[in-house]
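The values are calculated or read from the model by the stated rules, or taken from the named source; none is laboratory data. Only a predicted model underlies this, so the values are computations on that prediction, with no experimental measurement involved. Backbone-built Cβ (ideal geometry, glycine too); neighbour counts: all protein chains shown. These area figures cover heavy atoms from the full protein model, side chains too; ligands, DNA and RNA do not enter into them. Shrake-Rupley method; radii C 1.70, N 1.55, O 1.52, S 1.80 Å.
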Amino acid sequence: MKTLGQTLSALAVETKALGFDMASDPSVGSLLRALTGSKPGGTCLELGTGTGLSTAWMLAGLSPEGRLVSVDKERKFQEVAKRHLGGDPRLTLCCEDAEDFIRALGPKQFDLIFADTWAGKFKLLDETLTLLTPGGMYVVDDLLPQPNWPSGHQSTVDAFVADMARREAIRVVSLDWATGVMIATRMS
């Protein structure tokens with residue numbers, strides 16, 4: 001069995017070869033491992049598998065009885081994650097549009113959600129937050145300017161951050177660290 005470091009190295013090589021420039025920052029990955037570890041036996045959701053770098057970090061923190069569902073519509077990227085992580089029985093990879101996936105779910109199913117794509121962060125935010133169990137955590141990154149941002153994206157991020165700060169049913173902390181991280185906890 002490969003170590004986390006070996007898995008991350010192999011994933012990074014394939015990520016670079018595919019030209020995928022939206023992989024999660026290793027600092028954010030380390031944070032995800034710690035947060036996932038705080039949910040023993042928890043059910044976690046990752047919106048945006050990409051090539052599986054953050055998936056690997058989340059699995060590293062997940063307890064043996066935990067479960068991680070990861071969703072991405074880009075098969076060629078998610079296939080990398082499947083090759084390296086698909087043998088883990090705690091992981092379910094779903095290759096479908098995250099918006100459709102979110103809409104099909106009922107409330108209060110996940111103890112931790114990492115939203116690393118537009119769906120669940122900039123689209124369908126209300127629906128995504130209802131998926132959290134009481135005490136569940138919602139995590140996003142890439143809130144500080146990134147070289148791959150589309151033109152005008154800062155205003156989208158600013159609106160998201162303001163919206164999250166106004167919500168009564170969650171408690172939010174924004175970290176001006178790594179790529180810009182926000183963690184929100186759903187109140188009971």
Got at least one residue in segment 92-101 being of a type in the set (Val, Ile, Thr) and crowded, with 24+ Cβ neighbours inside 10 Å? no
List every residue pair whose Cβ atoms sit under 6 Å apart, with the two residues 6 or more apart in sequence or on different chains, where the first one lies in segment 32-59 and is free of Cβ contacts under 8 Å to residues at least 40 places away in the same chain and open to solvent by less than 10 Å² (accessible area, probe 1.4 Å) and the second, anywhere, is outside any strand (DSSP E or B) and among the hydrophobic types (A, V, I, L, M, F, W, C). Thr55/Ala81; Thr55/Leu85
So, first residue without any contact (Cβ under 8 Å) to a residue 24 or more places away in the chain in segment 125-136, second residue not in a strand (DSSP E or B), Cβ within less than 9 Å, six or more apart or across chains; the pairs are Thr130/Leu105; Thr130/Gly106; Thr130/Pro107; Thr130/Lys108
Looking at Ala165, is it among the hydrophobic types (A, V, I, L, M, F, W, C), under 17 Å from Trp118 (Cβ atoms), assigned to a helix (DSSP H, G or I) and open to solvent by 50 Å² or more (accessible area, probe 1.4 Å)? no
Scan (1) open to solvent by 70 Å² or more (accessible area, probe 1.4 Å); (2) within 17 Å of the chain's Cα centre (by Cα); (3) of a type in the set (S, T, N, Q) for the single condition Ser151 breaks and write down its number. (2)
Which of the residues spanning segment 52-71 are of a type in the set (Gly, Ala, Ser) and in a helix (DSSP H, G or I)? Ser54, Ala56, Ala60, Gly61
Can you confirm whether segment 120-133 contains a residue that is under 17 Å from Ser54 (Cα atoms) and open to solvent by less than 60 Å² (accessible area, probe 1.4 Å)? yes
Every pair of residues 6+ apart whose Cβ atoms lie under 8 Å, when the first sits in segment 99-122 and is more than 24 Å from Ser38 (Cα to Cα) and modelled with pLDDT of 95 or more while the second is of a type in the set (Ser, Thr, Tyr) and exposed (fewer than 15 other Cβ atoms within 10 Å of the Cβ): Phe122/Thr156
